[in-house]
Amino acid sequence: MVDRWLLRVGTTEHRLIGLSILRLIVGVCGVEYYVSDLGHRDMLWGPNAYISIADARGTLPEPLTSLYFWSHSEVWFNAVFFVGLAVAALFTVYGGRGLTFVHLIFMWSIYDRNQDVLEGGDNLVRIILIFMVFAVTNRYLTPRSKTSRQRVSAPAPATRPQLRYLSTSAHNIAATLIVFQVVVVYAVAGYYKLTGSMWNTGVAAYYVSHINQFTMFGLYPSAMNNLWLGWFVSTFTIVVECAVPFVIFTRRRWLREMVVAGLESMHVGIIVCMGLVAFGLIMIGADFTLLKDSDYRYLGARVRRIRQRRRRAATGTPVADETTAQERPKVLAHATATVAR
């Protein structure tokens with residue numbers, strides 16, 4: 001049993017597609033974090049910001065620090081800021097363990113420079129980026145992803161099998177820790193909601209919708225004024241979050257897909273109704289790691305089948321004709337063999 005586990009961990013990389021999507025979304029959120037307040041960067045993070053460097057440094061325990069603490073120079077601040085923006089963009093497009101490590105340093109630095117402008121998703125990003133340093137996050141959704149997959153599928157050089165084994169093992173352990181962290185987030189959140197009187201009685205969505213700081217438009221609180229709709233949103237949230245720890249181990253693909261789809265719809269609602277864009281996007285990216293590579297391949301095959309059916313319907317080609325076209329080479333080969341005999 002241990003031998004099978006070691007073979008699985010060290011020979012095949014898992015959750016590559018989900019981690020690639022996570023990298024893309026985390027990178028986009030990082031770029032958005034820089035760009036959204038580009039014109040106010042001096043006031044928020046500069047050496048003369050409303051939170052001084054000394055006060056910001058005082059909020060961090062030793063030995064944590066930030067690149068923005070190293071100098072009071074405007075030149076240094078702008079250099080760190082725009083290099084961090086460039087690193088975030090490169091990380092989004094290319095990924096890789098080296099870029100992930102550099103991006104981690106810059107994101108931690110800007111987060112710790114001013115914690116007043118954080119939405120809460122930074123807590124998960126800090127942990128996930130540490131694990132992503134050891135994971136392969138650029139096997140898909142990069143300009144070089146196809147070449148990377150072809151290179152990995154080739155046999156390992158005789159002199160470097162141990163290096164590939166260590167790399168694969170590090171990736172799988174990091175992927176497992178990321179999934180574990182996501183499961184813990186939902187398990188704890190679901191437990192507190194389930195045991196809290198406001199959530200299990202169905203009134204939490206109503207009270208949340210009436211917090212002006214987290215309300216984007218008037219339709220949201222008006223909708224939550226409806227007793228049944230508010231109860232449904234509260235109950236749906238509890239059920240979906242509490243289901244995460246269980247569906248991660250299930251062999252039923254459809255159940256895993258339904259729970260992840262429920263999580264995504266929940267966070268889309270948070271983005272649209274509450275305006276927590278960065279938090280919602282980061283959680284959506286984390287949710288994608290709950291699906292296996294086989295789940296994505298199955299979904300991709302199902303989408304291709306739907307497209308083929310629509311294409312056939314648009315062109316008027318019946319399904320039987322396509323099946324006949326696919327089997328025609330086999331029929332011809334069989335007929336040729338018969339004649340030869």
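The values are calculated or read from the model by the stated rules, or taken from the named source; none is laboratory data. Quantities reported herein were computed from a predicted structural model and do not represent experimental measurements. Note that each Cβ is placed from the backbone with ideal geometry, even for glycine, and that neighbours are counted across all protein chains shown. Ligands, DNA and RNA are stripped out before the accessible areas are found, and what is left, the full protein with its side chains, is counted by its heavy atoms. Shrake-Rupley method; radii C 1.70, N 1.55, O 1.52, S 1.80 Å.
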Which is modelled with pLDDT of 95 or more and open to solvent by less than 70 Å² (accessible area, probe 1.4 Å), of L24, L60?
L24
Quick one: which of T176, T168, T147 is in a helix (DSSP H, G or I), modelled with pLDDT of 85 or more and open to solvent by 70 Å² or more (accessible area, probe 1.4 Å)?
T176
If L129 passes every condition in (1) surrounded by fewer than 17 Cβ atoms within 10 Å (Cβ to Cβ); (2) modelled with pLDDT of 95 or more but one, which one does it miss?
(1)
For residues that are touching a Phe, Trp or Tyr at 6+ places or on another chain (Cβ under 6 Å) and not basic (K, R), tally how many sit in the range 175-219.
4
All conditions in (1) over 18 Å from D116 (Cβ atoms); (2) open to solvent by 50 Å² or more (accessible area, probe 1.4 Å); (3) polar (S, T, N, Q) are true of N78 except (2)
Can you find a residue that is of a type in the set (D, E) and closer than 17 Å to V182 by Cα anywhere in the range 275-292?
yes
Go over the candidates V93, V87 one by one and state the one that is in contact with a Phe, Trp or Tyr (Cβ under 8 Å, 6 or more places away or on another chain), of a type in the set (V, I, T), within 22 Å of V28 (Cβ to Cβ) and surrounded by 14 or more Cβ atoms within 10 Å (Cβ to Cβ).
V87
Condition broken by E119, with the remaining ones in (1) part of a helix (DSSP H, G or I); (2) more than 23 Å from S20 (Cβ to Cβ); (3) of a type outside the set (V, I, T) satisfied:
(1)
Sole residue being under 30 Å from V179 (Cα atoms), surrounded by 14 or more Cβ atoms within 10 Å (Cβ to Cβ), of a type in the set (G, A, S) and under 30 Å from the mean Cα position of the chain (by Cα), chosen from S36, S66:
S66
Being open to solvent by less than 70 Å² (accessible area, probe 1.4 Å) and either part of a helix (DSSP H, G or I) or modelled with pLDDT of 85 or more (or both) is the filter here; which residues of the range 197-221 pass it?
W199, G202, V203, A204, A205, V208, S209, F214, Y220, P221
Can you name the number of the only condition in (1) among the basic types (K, R); (2) at pLDDT below 80; (3) touching a helix residue (DSSP H, G or I) at 6+ places or on another chain (Cβ under 8 Å) that R160 fails?
(3)
If I go through the range 258-272 residue by residue, how many of them are touching a residue at least 40 places away in the same chain (Cβ under 8 Å) and crowded, with 16+ Cβ neighbours inside 10 Å?
1
